[in-house]
Amino acid sequence: MPKILIIDDEKAIRRTIREILEFEKYVVDEAEDGQQGLDMALKGNYNVILSDIKMPKLDGTELLAKLMAHGTESSLIMMSGHGNIETAVDAVKKGAFDYLAKPIDLNRLLVTIRNAMDKTILVTETKILKKKIGKSYEMIGDSKALNNIRDMIEKVAPTDARVLITGSNGSGKELVAREIHNKSSRANAPLIEVNCAAIPSELIESELFGHEKGAFTSAVATRKGKFELAEGGTIFLDEIGDMSLSAQAKVLRALQENKITRVGGDKEIKVDVRIIAATNKDLRKEIEKGEFREDLFHRLSVIPIQVPSLNDRKEDIPQLAEHFINLICTDYGMPVKTITKEALKALQQKDWTGNIREFRNVIERLIILCGKEINDKDVKQFA
């Protein structure tokens with residue numbers, strides 16, 4: 001049930017607000033000064049905190065600053081009988097959800113609290129989703145090959161150097177790209193992914209650079225491309241070896257000049273993005289065949305990273321198996337299954353041509369088809 005904390009040195013105001021909120025089925029606690037309110041806020045799990053500004057011991061502005069410093073997930077609504085526009089703006093700038101002037105308009109109070117509740121729920125859900133997504137994109141294993149990749153990421157990530165990630169399909173090139181972005185100074189800006197192999201050659205330029213209204217038959221409105229959407233962040237060009245030569249030329253220009261032009265437009269747009277590219281092809285051979293620009297290759301491969309195949313790091317299989325079993329069982333809402341040492345040895349003896357992607361599919365199959373414990377016979381039958 002939603003919990004609300006009221007912090008105000010006037011007992012009559014606390015009582016009035018409490019009666020209204022309890023009628024609306026909220027759980028309500030009270031604090032008579034700022035210091036008591038801070039102590040309760042840090043110990044309790046409140047969805048919304050209503051705080052007066054003028055209070056003894058600790059005023060509302062100081063309370064707000066301390067709660068923000070502690071990274072509170074509660075939505076704070078400030079109240080004051082001495083308020084003005086400047087006070088309200090200042091409170092919101094410092095992290096308050098909203099500001100209410102006294103005497104409190106009860107209808108506005110209820111609407112503001114409902115909106116604050118929605119915001120708190122969204123923040124909590126977003127954090128849960130981020131944790132879930134983060135677990136899905138972890139680099140699992142302690143093999144020498146994988147630790148070498150980690151060392152390279154630690155050196156490269158803080159810079160803006162362009163990175164070319166190579167490796168076979170399913171080996172985890174996207175994980176490396178995400179890790180570089182997450183450890184960079186651009187981590188709070190977008191990471192925009194573009195699968196160059198999945199976009200038709202006639203649409204790739206529009207996808208990357210956007211288009212102006214009327215640039216082609218279906219261009220009914222102006223549209224930003226991936227480069228603009230990644231402003232301040234990172235653009236990950238996956239399977240860049242499948243990009244058309246005309247698009248390659250425009251990407252090269254964007255790298256050289258940090259400018260793009262939308263399809264059908266003539267205005268140059270400045271962009272600030274870091275480029276990470278990946279491919280499962282040997283780009284030097286593609287250059288010899290005339291399928292890839294050599295100048296673009298050299299621009300992209302400032303830092304080359306070769307991702308090892310699963311066959312090259314089979315010692316990571318026990319950790320990968322445990323990771324995927326926990327992840328998949330949690331997703332399915334079932335008890336976590338165990339796997340025997342013999343089953344792990346059987347998995348290590350297999351030839352993983354599909355790499356991590358194939359391995360995850362096999363683990364999911366074993367979880368669905370086997371009992372509480374996965375053994376070597378199950379691996380031989382279903383893997």
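The values are calculated or read from the model by the stated rules, or taken from the named source; none is laboratory data. Predicted model, so just to flag it, every value in this text is computed and none were measured. Because the Cβ atoms are built from the backbone with ideal geometry, glycine has one as well, and the counts that use them run over all protein chains shown.
Some points to look at:
- Within segment 91-101, being aromatic (Phe, Trp, Tyr) and not in a loop (DSSP other than H, G, I, E, B) holds for one residue alone: Tyr99.
- Matching residues, segment 298-308, being in contact with a helix residue (DSSP H, G or I) (Cβ under 6 Å, 6 or more places away or on another chain) and either surrounded by fewer than 20 Cβ atoms within 10 Å (Cβ to Cβ) or among the charged types (D, E, K, R) (or both): Arg299, Ile303
- If you go through segment 320-359 and keep only what is surrounded by 15 or more Cβ atoms within 10 Å (Cβ to Cβ), under 20 Å from Lys173 (Cβ atoms) and not aliphatic (A, V, I, L, M), you end up with His323, Phe324, Trp352, Gly354, Asn355, Glu358, Phe359.
- Any strands (runs of 3 or more DSSP E) falling wholly within segment 17-90 and containing at least 1 residues that are among the hydroxyl-bearing types (Ser, Thr, Tyr): 48-52, 75-80
- Of the set (1) touching a Ser or Thr at 6+ places or on another chain (Cβ under 9 Å); (2) of a type in the set (S, T, N, Q); (3) at pLDDT 95 or above, all apply to Ser244 but (3).
- Members of segment 169-198 found to be surrounded by 18 or more Cβ atoms within 10 Å (Cβ to Cβ) and in a loop (DSSP other than H, G, I, E, B), listed by number: Gly170, Ser171, Gly172, Ser184, Arg186, Cys196
- Identity of the residue in segment 150-168, out of contact with any strand residue (DSSP E or B) (no Cβ under 7 Å at 6 or more places or on another chain) and not β-branched (Val, Ile, Thr), that ends up surrounded by the most Cβ atoms within 10 Å (Cβ to Cβ): Ala157
- Unique residue being surrounded by 18 or more Cβ atoms within 10 Å (Cβ to Cβ) and touching an Asp or Glu at 6+ places or on another chain (Cβ under 8 Å) when the list is Arg262, Arg313: Arg262
- Evaluation of Lys94 against the conditions (1) farther than 18 Å from Ile17 by Cα; (2) among the basic types (Lys, Arg); (3) over 34 Å from the mean Cα position of the chain (by Cα) shows that the sole unmet condition is (3).
- Test: Glu231 is closer than 30 Å to Ala343 by Cβ and of a type outside the set (Ser, Thr, Tyr): no
- Only one of the numbered conditions (1) touching a Leu at 6+ places or on another chain (Cβ under 8 Å); (2) assigned to a loop (DSSP other than H, G, I, E, B) is violated by Pro335, and that is (1).
- Flag if Ile235 is at pLDDT 95 or above, surrounded by 15 or more Cβ atoms within 10 Å (Cβ to Cβ) and in the same structural domain as Phe292 (by TED's automatic domain parsing): yes
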